[in-house]
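Inspection log for the structure reproduced underneath, given as structure tokens.
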2 protein chains.
Amino acid sequence: MPATALASDDSPEDERHSTASPESINQVHVEVQDGVPMYQITRLGEPVVEPSPLGFLLEDAPDLDGPFAITEVETSTFDETWEQVWGEKQFIRNHYNEMRIHLTEQEDPERDLVVTFRVYDDGVGFRYEFPEQEGLEEFRIADELTEFRLTGDHASWYIDAYQWNRFEYYFENTPLSEADTVHTPLTMRTEDDLYISMHEAALVDFSTMTLERTGENTLKSNLMPWSEGDRVRVTDTRVSPWRTFQLADTPGDLITSYLILNLNEPNKLEDTSWIKPAKYNGIWWEMHLDKSTWNRGERLGATTENAKRYIDFAAEHGLDHVLVEGWNEGWDEAWYESGVVFSFTESIPEFDLEEVAQYALDNDVRLMGHHETSASVLHYEDQMHDAFALYEDLGVRAVKTGYVGHGTEIVRYDEDGNEHNEWHHGQFMVNHHLDVIELAAEHQIALNVHEGVKSTGLRRTYPNMMTSEVAKGREYDAWGDAGGNPPDHTATLPFTRNLAGPFDFTPGMVDLHFDEYRPDNRIKSTLAKELALYITIFSPLHMVADLPENYEEQPEAFQFIKDVPTDWYDTKVLNASIGNYITMVRKERGGDDWYLGSITDENGRVLSAPLHFLDADTRYVAEIYRDGTDAHWDHTPYDMVTEERLVDHTTELTLRLAASGGQVIRFRPATDEDIERLE
Amino acid sequence: MPATALASDDSPEDERHSTASPESINQVHVEVQDGVPMYQITRLGEPVVEPSPLGFLLEDAPDLDGPFAITEVETSTFDETWEQVWGEKQFIRNHYNEMRIHLTEQEDPERDLVVTFRVYDDGVGFRYEFPEQEGLEEFRIADELTEFRLTGDHASWYIDAYQWNRFEYYFENTPLSEADTVHTPLTMRTEDDLYISMHEAALVDFSTMTLERTGENTLKSNLMPWSEGDRVRVTDTRVSPWRTFQLADTPGDLITSYLILNLNEPNKLEDTSWIKPAKYNGIWWEMHLDKSTWNRGERLGATTENAKRYIDFAAEHGLDHVLVEGWNEGWDEAWYESGVVFSFTESIPEFDLEEVAQYALDNDVRLMGHHETSASVLHYEDQMHDAFALYEDLGVRAVKTGYVGHGTEIVRYDEDGNEHNEWHHGQFMVNHHLDVIELAAEHQIALNVHEGVKSTGLRRTYPNMMTSEVAKGREYDAWGDAGGNPPDHTATLPFTRNLAGPFDFTPGMVDLHFDEYRPDNRIKSTLAKELALYITIFSPLHMVADLPENYEEQPEAFQFIKDVPTDWYDTKVLNASIGNYITMVRKERGGDDWYLGSITDENGRVLSAPLHFLDADTRYVAEIYRDGTDAHWDHTPYDMVTEERLVDHTTELTLRLAASGGQVIRFRPATDEDIERLE
């Protein structure tokens, strides 16, 4: 590795310590400068992060900001391939070189702080360890001093932190210098076309890290505070989450980097046989369209009869779960202002919970539970043990939770009984969400969390934490101010939101105008693009989100929705440009089929798709669903052509996508009959 | 095709006329607005060029600026696959829809003007025709009114026009709004990642078109003027060159677009059997290094003895031509100031032209001729018939010409004997260069033109017009102010200069520091990157440019230089980012081997290279020349690893390029012995 950038002197404590990734692509260098520990990240010898400080300011204890010396350096190598219970790739290699830097204060109280760096070929993660010792028992972090001194004013995609509507904003794309304090993942492209995703992994018993711009090209960790002003309360958990950099020369390589998962702990659940990737439909979109209501009344959606209609549809078409929202007591109050009205176990008279759940089971379908907490967390915590037990008894295997409410108004009481209002993304809620995950697992229930904390790869450790929203989702198509999500939203998500983890975006709309219900809104896609979202947005639980009656009108499109799986053996990115377009291919797990999905923003595209990923010794039928010649999201969104052709791994397809258009292809091994028919 | 953007009324003359490319990817729309003919280009229904005016201001005749009406519209389709005599691809499909718009003045003198649009799936070309008619016999163009109203402030790569040093500048990369008047090709990337190259095709008997920014996002044709101020003198040639837009979603697709060639006339040479792609070495770099001199004296390079040394080297290693610069009378004067001193037929006493030429032929090598005109064009025209005849007699088959001199100082005399100073790129020189091409063809001589006019695809019509410089070339590594070309120069050229046509960049340097001769300069590449330039820069005549003695020191690298051909059956781009990196693969013509070349700028890269282009039923030996683990252009440029491995079309390689590094691979079908040895 080239010795660059950081100077050294002769004192061993002030030595510069470096380690490189297995293929020597990324390097980390650590040294102490004037008592301050500084780390640097280089890639193939060139800086990605300039020397940047490490440390903490504390409450209740002296700050951990030096003067430090490096007193021990441990290095090790790790190489293991592990299997995901479900996911975008079945077998993942976790291969890194580790450098554990022991820092010792050079003044009283002479405490130790450890920083561990794991250097991968696709990026770097590092975390702090707080060894339990005199002067560092339980303590509060006032501020994390970690800086990220970047090398330029990179093009950036981000959501501002500290907003009332949590993560439900469109990603902004500006130079970094126009950002203030942002959530992660923060995606960046340097002037020289290096792609960077900054995020964190294994967010456990800590506050969410946001990134504050504190100087030219410099970001600093800004931990979401408790309402009392401190940032983190360190008790049993003596490590921070991993601060992560994923580094790639193409945006697609960010997507197929599994660094976030690799930095999480292995699966802790003994039995995972009950955790099943699935598709679900349900009583949900009709309320967003205002065809029906959550509230009790004439247009109530959650009736026994309506639920059975959705169950019949799910049973007929092979869907796994049926979600019902609004079935429980509380929706007929001003629930948003006063969520404490909800019962999580008592159903309204119009809805017979046991009958519906049994009807589902009788039809080889399961009810998907729903817990809208309206961010009244303590109220929910009071009931949630009973609530999950009830669902377990009813054969429910997945629950959608919701935390609709102002992002700063989570009510909490301190030891003295004083009420506090906490952020959705501070340590209090991070801990709540993990409690729910563990509780759900005890009841063999998988989670689909809306308005939660951002994903940081905990799904590896708790595979029942299947999917979440935590982004601007589908419902804004129905009632968002913009008249529907803009065409580039879904072309941005794979490079931003989805880098954190699975996203319950609820794809599959086949009725793109709903003038009867919401004349000022529409879905700004072609039909083919809507199909492609099943591939371009990863979620092991994908909704079949449109109304049953609308699928009857689009049987060809619906065929693809029925065919597409939600669990994958492998994932590859064929074309990618952030916010502009993406083509992904995924191989189904436990089968031979591949699926291609390609989408674009408001501009049409002509993209090349060589099919080299297909098995070399197999001929396939390509079942193609593509934009027609005259398709355009604005005036001709339903113009879709379906066709079959024989292909193999030497075929090179040209994908012609309309403005806000898309294309999907199912590749299945051809039978002799197929070959005779299509050759 | 969606009917967008331009309004129409009921009058047939004011109707909007549209045509689309064969796959309906690009569309052109033409209508007359207030008497002004306006064209628009859309791509998949979205605008690329907003409605923009057409027309001319004339001298000696009324302007051709309307009021016009459309009086006839002819449409046709063309689809033909033609064979290049040599080139980057052997068989090229020329498939377009054409729309010829006849415009008639609605006032006296009621002349006709025709505009022909050819709409391809990879872009659009249009040209004017000036039918010979009363009021439009011979005339002078005062200004071309063609505008190009673009849709945004696109990222742009360009060279400023109207500079003293002709095209020998580094490409600038700025928003379009920071450009003034620029040469073509002008390469652009829109905010939405559409790639555009604006250029012209078939520049014959016209002035070079530059592009002047005349308004927000608006460019206008700015024709290089005659010294008298008029722009073009129209006599026999009654058509303009084609104004071209190449449109692609990836920068690589600009490179594999053959629109410029397709818009040129087919080959006019009856016999092309004597035109051979080749490699050459010669007495050239040693003068740039100041190891020897062009001038006569103690360190003269062009001696009979030295030429024989280069011929011996060429013969030993299979090179085809040996260039000798400085062999003729005139170099020992202040030639740059007074180029009229040159003789193009008389050699200096130290150099026996006939002996050297015969020695070459005896060794199965040919002398490459050299005509440095020092831009004294009339002086050269006086001698050039004799000069080409002499070379033909001596068995020379290729001549390098040069026009070193201030870009505005070409001397010309008008009918009254008055002296004028013309631009290098005006109609006077455009015509001179075509005269030389035709004269050379009569003598079965191919051309390698330095300091000439930009390429516009004339090589299709005159395949003896093989290559040219017309850009900042290799010599700036030896003595340029920057201490050597910056690492991103060669990562920019494939997307800019090379879009016009072949480029004699003279690759193959294996001695990257030459402190003995030029201590302040060096070549800012790794050794592997230097090899890759043979692939990433296309030229059918490529130099083996370093000194013979330097190749003796690098036998491994030299092996690749000996192996690599300069003529191709096909070309594909695997990775591309303008100014940052490129990976290309090319299949040799008349053989089975493929060659991969990948280079990067000052940043290291990790790029994926799936080998799906290889024949499906063949196993290959990959002869790999790659940057070593510690390679870096600045401190360890010679760290190169060579290795062999067996691969096939299902192999996916990872290319690890050092900072300003590269990689080349020759893929050759494996023998049984190879398989046994390498498996």
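The values are calculated or read from the model by the stated rules, or taken from the named source; none is laboratory data. All values reported here derive from a predicted model rather than from experimental measurement. Heads up, the Cβs are rebuilt from the backbone with ideal geometry, glycines too, and the neighbour counts pull from every protein chain shown. In case anyone asks, the SASA skips ligands and DNA or RNA and just uses the protein heavy atoms, side chains included. Shrake-Rupley method; radii C 1.70, N 1.55, O 1.52, S 1.80 Å.
Remarks
- When we screen B:Gly326, B:Gly301 for residues that are crowded, with 24+ Cβ neighbours inside 10 Å and either within 23 Å of B:Val564 (Cβ to Cβ) or touching a residue at least 40 places away in the same chain (Cβ under 8 Å) (or both), the only hit is B:Gly326.
- First in the range A:472-491 and of a type in the set (Val, Ile, Thr), second anywhere and assigned to a helix (DSSP H, G or I), Cβ under 8 Å, 6 or more apart: A:Thr490/A:Lys529; A:Thr490/A:Leu533; A:Thr490/A:Thr536
- Filter result for B:Pro565 (closer than 30 Å to B:Met287 by Cα, in contact (Cβ under 8 Å) with a residue 24 or more places away in the chain and surrounded by fewer than 22 Cβ atoms within 10 Å (Cβ to Cβ)): yes
- Subset of the range B:168-211 [open to solvent by 10 Å² or more (accessible area, probe 1.4 Å) and not in a loop (DSSP other than H, G, I, E, B)]: B:Glu172, B:Asn173, B:Thr174, B:Pro175, B:Ser177, B:Glu178, B:Thr181, B:Arg189, B:Tyr195
- Tally, over the range B:498-524, of residues that are assigned to a loop (DSSP other than H, G, I, E, B) and either closer than 17 Å to B:Thr256 by Cα or open to solvent by 10 Å² or more (accessible area, probe 1.4 Å) (or both): 11
- Residue match in the range A:417-433 (condition: more than 25 Å from A:Trp327 (Cβ to Cβ), outside any helix (DSSP H, G or I) and among the aliphatic types (A, V, I, L, M)): no
- Some residue of the range A:115-128 being surrounded by fewer than 20 Cβ atoms within 10 Å (Cβ to Cβ) and either closer than 29 Å to A:Asp570 by Cα or touching a Leu at 6+ places or on another chain (Cβ under 7 Å) (or both): no
- Residue list for the range B:434-453, filter: assigned to a strand (DSSP E or B) and touching a Leu at 6+ places or on another chain (Cβ under 7 Å): B:Asn448
- Selection from the range B:568-600 of residues that are away from every other protein chain (no Cβ under 14 Å), closer than 30 Å to B:Asn173 by Cβ and open to solvent by 30 Å² or more (accessible area, probe 1.4 Å): none
- A count restricted to the range B:611-621 and to residues that are open to solvent by less than 20 Å² (accessible area, probe 1.4 Å) and under 26 Å from A:Gly252 (Cα atoms) stands at 3.
- Out of B:Gly252, B:Gly229, sole residue that is more than 27 Å from B:Pro51 (Cα to Cα), open to solvent by less than 10 Å² (accessible area, probe 1.4 Å), modelled with pLDDT of 95 or more and not aromatic (Phe, Trp, Tyr): B:Gly252
- Among residues of the range B:427-443, those that are in contact with an Asp or Glu (Cβ under 6 Å, 6 or more places away or on another chain) and under 15 Å from B:Ser376 (Cβ atoms), counted: 1
- For the condition hydrophobic (A, V, I, L, M, F, W, C), away from every other protein chain (no Cβ under 14 Å), crowded, with 19+ Cβ neighbours inside 10 Å and touching a His at 6+ places or on another chain (Cβ under 8 Å), A:Leu533 does not qualify.
- Within the option set A:Glu132, A:Glu200, being acidic (Asp, Glu), over 21 Å from A:Asp504 (Cα atoms) and out of contact with any His (no Cβ under 6 Å at 6 or more places or on another chain) holds for one residue only, A:Glu132.
- Taken together, A:Thr456, A:Thr408 contain a single residue that is assigned to a loop (DSSP other than H, G, I, E, B) and open to solvent by 10 Å² or more (accessible area, probe 1.4 Å), which is A:Thr408.
- Counting the residues of the range B:379-396 that are open to solvent by 10 Å² or more (accessible area, probe 1.4 Å) and either touching a Gly at 6+ places or on another chain (Cβ under 9 Å) or at pLDDT below 95 (or both) gives 3.
- Cβ-Cβ contacts under 7 Å between residues 6 or more apart (or on different chains), taken from a first residue in the range B:628-648 that is away from every other protein chain (no Cβ under 13 Å) to a second residue that is among the acidic types (Asp, Glu), are listed as B:Met640/B:Asp627; B:Thr642/B:Glu556; B:Glu644/B:Glu623; B:Leu646/B:Glu679.
- Output for the range B:601-615, where each listed residue is in a loop (DSSP other than H, G, I, E, B) and either among the hydrophobic types (A, V, I, L, M, F, W, C) or away from chain A (no Cβ under 14 Å) (or both): B:Leu611, B:Phe613, B:Leu614
- A:Val399 being within 22 Å of the chain's Cα centre (by Cα) and either among the small types (Gly, Ala, Ser) or at pLDDT below 95 (or both): no
- Among (1) polar (S, T, N, Q); (2) open to solvent by less than 10 Å² (accessible area, probe 1.4 Å); (3) under 28 Å from B:Ala441 (Cα atoms), the one test that B:Thr237 misses: (2)
- Counted residues, the range B:370-396 - those being in contact (Cβ under 8 Å) with a residue 40 or more places away in the chain, on the phi < 0 side of the Ramachandran plot and within 21 Å of the chain's Cα centre (by Cα): 2
- Output for the range B:50-62, where each listed residue is in a strand (DSSP E or B) and surrounded by 24 or more Cβ atoms within 10 Å (Cβ to Cβ): B:Phe56
- Of all residues in the range A:649-659, those satisfying the criterion of being surrounded by 22 or more Cβ atoms within 10 Å (Cβ to Cβ) and either among the β-branched types (Val, Ile, Thr) or more than 7 Å from chain B (Cβ to nearest Cβ) (or both) are A:Leu655, A:Leu657.
- Here no strands (runs of 3 or more DSSP E) wholly within the range A:616-666 include at least 3 residues being small (Gly, Ala, Ser) and at pLDDT below 95.
- Verdict on B:Ile624 being closer than 21 Å to A:Ser608 by Cβ, more than 9 Å from chain A (Cβ to nearest Cβ) and either surrounded by fewer than 24 Cβ atoms within 10 Å (Cβ to Cβ) or not aromatic (Phe, Trp, Tyr) (or both): no
- Qualifying residue in the range A:436-450 (condition: more than 18 Å from A:Ala278 (Cβ to Cβ), modelled with pLDDT of 95 or more, touching a helix residue (DSSP H, G or I) at 6+ places or on another chain (Cβ under 6 Å) and surrounded by fewer than 23 Cβ atoms within 10 Å (Cβ to Cβ)): yes
- Scanning the range A:134-152 for any residue that is crowded, with 19+ Cβ neighbours inside 10 Å, at pLDDT below 95 and not in a loop (DSSP other than H, G, I, E, B) turns up at least one such residue.
- Verdict on B:Ala155 being in contact with a strand residue (DSSP E or B) (Cβ under 6 Å, 6 or more places away or on another chain), of a type in the set (Gly, Ala, Ser) and without any contact (Cβ under 8 Å) to a residue 60 or more places away in the chain: yes
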